[in-house]
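A quick write-up on the structure given underneath.
The values are calculated or read from the model by the stated rules, or taken from the named source; none is laboratory data. Just so it is clear, the model here is predicted, and its values are computed rather than measured. A quick note on method: Cβ atoms are made from the backbone with ideal geometry, for glycine too, and the neighbour counts reach across all protein chains shown. Surface accessibility is based on the protein's heavy atoms, side chains included, excluding ligands, DNA and RNA. Shrake-Rupley method; radii C 1.70, N 1.55, O 1.52, S 1.80 Å.
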Amino acid sequence: AQSVTQPDIHITVSEGASLELRCNYSYGATPYLFWYVQSPGQGLQLLLKYFSGDTLVQGIKGFEAEFKRSQSSFNLRKPSVHWSDAAEYFCAVGGIILTGGGNKLTFGTGTQLKVEL
Amino acid sequence: DTAVSQTPKYLVTQMGNDKSIKCEQNLGHDTMYWYKQDSKKFLKIMFSYNNKELIINETVPNRFSPKSPDKAHLNLHINSLELGDSAVYFCASSQSTNFQYFGPGTRLLVL
C-alpha cells in the first residue's frame, strides 16, 4: 500500500529565511509525487510534481523539490520565504494507475507553515 | 473561468437530511474524483470516475452515492446525514494519470 509521512505538523520560519518541508513516501515502484498548497478556506493548488527524469523539480512561487529514491523522500524547499507562503502544505504520492484511467493519490497529513514578519 | 467548480460552497443542514454537492470541470479531463477532508485536514479519496464510469469506490458508507451525468460533471449525494459527515468535500479532475486539479471545496456542517 502506498503511504506518505510528513513528520512536521507545524513549522514557523521568519520571512526571508529558507524553508524545507519533509516528505517521506512508501511505494513499491517509481511513484508519482506531488506537493500541493492549501491557503485558509481555499482548495488545493499544485506546487510541483515529479513523474520521472530530473530529480530536482521546479514549481510555482519559487518552490523546488528533490526526489531521493534511496531515502524515499521528496522534500520541498524554498530559499527565501515570503509572508504570503503561510499555508498548509500537502505531499502526495500517486502511482497506482487505475483500470480505465486516473491516478489514486494518497496524501500526507500536512504541514502548517507560519511565517513570522 | 474556474477550472473546477463546486456548489454550494457552504452547506449547513440537520441530521437525517439528504443533500447533494455538485462539481463541474471545464478542462476537458476524463477523470473526476471526490475527496473528504476531515477536521484535522486529513484528505482521503472517496470516489473516482473515468468517462462516467466508477473506478474507485473506497470504504465509504453507502449513504454516499456519486453520479456522473457526463464527463464534465460529478455530483455527490448524501442520504441521512450524520454528525460525522461534517467535513470539507473536494472535487478534483485529471487527464488520465496526470496531476489533479482541485475545486474550492464544499464545507458541510451537520447539526
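Assorted remarks:
- Taking the listed residues A:Pro31, A:Pro40, the one that is open to solvent by less than 10 Å² (accessible area, probe 1.4 Å) and part of a loop (DSSP other than H, G, I, E, B) is A:Pro31, with no other qualifying.
- Qualifying residue in region B:31-42 (condition: basic (Lys, Arg), surrounded by 14 or more Cβ atoms within 10 Å (Cβ to Cβ) and either part of a loop (DSSP other than H, G, I, E, B) or at the interface with another protein chain (Cβ under 7 Å from one of its Cβ atoms) (or both)): yes
- Test: residue in region B:86-95 that is over 13 Å from the mean Cα position of the chain (by Cα) and over 18 Å from B:Pro8 (Cα atoms): yes
- The set of residues in region A:11-36 being among the hydrophobic types (A, V, I, L, M, F, W, C) and in contact with a helix residue (DSSP H, G or I) (Cβ under 8 Å, 6 or more places away or on another chain) consists of A:Leu19 alone.
- Some residue of region A:69-77 being open to solvent by less than 60 Å² (accessible area, probe 1.4 Å), touching a strand residue (DSSP E or B) at 6+ places or on another chain (Cβ under 8 Å) and among the small types (Gly, Ala, Ser): yes
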